[in-house]
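The values are calculated or read from the model by the stated rules, or taken from the named source; none is laboratory data. These figures come from a predicted structure and were not determined experimentally. All Cβ positions, even for glycine, are placed from backbone atoms using ideal geometry, and neighbour counts span all protein chains on display.
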Amino acid sequence: MSDVTVVLESISRGERRATEELFPLVYEELRRLAAARMAGESAGHTLQPTALVHEAWLQLVGDGHQSWENRRHFFGAAAEAMRQILIQNARRKSVLKRGGGQVRVPLEDLEITAATPDEYVLLIHEALEWLEGEDPETARIVLLKFFGGLTNEEVANSLGTSLRTINRQWFYAKLKLFRWIQAQNS
């Protein structure tokens, strides 16, 4: 068992000091995920990877009553927290209300895993919410890739499945999301 797993088990048993021990163990990986996610954000982006990690950490441990089943569950929760922070940040800055300021982008030019401007973060968030209702397992892969910044191999390891399965599901997810986005822009 890794140190992270041991500490997560301590947290689930209610040991108060365990949360303090967890942050140094996961910080570098969370920072790497945040940096990968934000590498190509729009030029005026004010949120930095370190700030994203710290805000996500505060959401994860804020009320002190969190417990995670395992490493995968923890990093999934961290990816979701980062997602929510990026969406809140994008909404604050967005002028997309009622269609204002939208720019048409050909779908073939949109790479979901590429860092995107705030408008695309909101668009992907809406598409992901739709996909969660249609296919929660595939939505989890999109969450880990887009908002968690994981590679297909890292997603496979995180979810305990084969790389081939993730490659197939990722292809399927992009197809479903592109079709949904296209329908929204029609």
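Could you please find all residues in segment 7-21 being free of Cβ contacts under 8 Å to residues at least 40 places away in the same chain and assigned to a helix (DSSP H, G or I)?
Across segment 7-21, the qualifying residues are Val7, Glu9, Ser10, Arg17, Ala18, Glu20, Glu21.
I'd like to check something: does segment 69-80 contain any residue that is in contact with an Asp or Glu (Cβ under 8 Å, 6 or more places away or on another chain) and at pLDDT 85 or above? Write out each step before concluding.
Here is the first cut: in segment 69-80, the residues in contact with an Asp or Glu (Cβ under 8 Å, 6 or more places away or on another chain) are 75.
Next cut, at pLDDT 85 or above only: 75.
Yes, because at least one residue in segment 69-80 is in contact with an Asp or Glu (Cβ under 8 Å, 6 or more places away or on another chain) and at pLDDT 85 or above.
Please find, within segment 133-169, the residue that is farthest from the chain's Cα centre (by Cα) out of those that are over 17 Å from Gly76 (Cα atoms) and assigned to a helix (DSSP H, G or I).
Arg164
Would you confirm, using the coordinates I've provided, whether Trp130 is of a type in the set (A, V, I, L, M, F, W, C), part of a loop (DSSP other than H, G, I, E, B) and modelled with pLDDT of 70 or more? Lay out the reasoning, then the answer.
Working: of a type in the set (A, V, I, L, M, F, W, C): yes; part of a loop (DSSP other than H, G, I, E, B): no; modelled with pLDDT of 70 or more: yes.
When the stated conditions are applied, Trp130 does not pass them.
So which of Leu33, Leu52 is surrounded by 15 or more Cβ atoms within 10 Å (Cβ to Cβ), part of a helix (DSSP H, G or I), within 17 Å of the chain's Cα centre (by Cα) and modelled with pLDDT under 85? Step through it out loud before you land on a result.
Details: Leu52 fails: modelled with pLDDT under 85.
So the residue among Leu33, Leu52 that is surrounded by 15 or more Cβ atoms within 10 Å (Cβ to Cβ), part of a helix (DSSP H, G or I), within 17 Å of the chain's Cα centre (by Cα) and modelled with pLDDT under 85 is Leu33.
For segment 140-168, give me the residue count where each residue is within 27 Å of Val53 (Cβ to Cβ), in contact (Cβ under 8 Å) with a residue 12 or more places away in the chain and not charged (D, E, K, R).
So the answer is 15.
Of everything in segment 169-185, what is under 28 Å from Pro49 (Cα atoms) and exposed (fewer than 12 other Cβ atoms within 10 Å of the Cβ)? Give them in sequence order.
Answer for segment 169-185, where residues must be under 28 Å from Pro49 (Cα atoms) and exposed (fewer than 12 other Cβ atoms within 10 Å of the Cβ): just Phe171.
Kindly indicate the residue of segment 1-30 that is exposed (fewer than 12 other Cβ atoms within 10 Å of the Cβ) and modelled with pLDDT under 85 and also farthest from Ala81 (Cα to Cα) among those meeting that condition. Step through it out loud before you land on a result.
Taking segment 1-30 first, the residues exposed (fewer than 12 other Cβ atoms within 10 Å of the Cβ) are 1-2, 13-14, 16-17, 20, 24, 28.
Add one more test, that the residue is modelled with pLDDT under 85, and what stays is 1-2, 13-14, 16-17, 20.
Details: Met1: 25, Ser2: 23, Arg13: 23, Gly14: 22, Arg16: 22, Arg17: 22, Glu20: 18 Å.
The residue in question is Met1.
Within segment 140-186, count every residue that is of a type in the set (S, T, N, Q) and more than 16 Å from Leu123 (Cβ to Cβ).
Residues flagged as of a type in the set (S, T, N, Q) and more than 16 Å from Leu123 (Cβ to Cβ) within segment 140-186 amount to 9.
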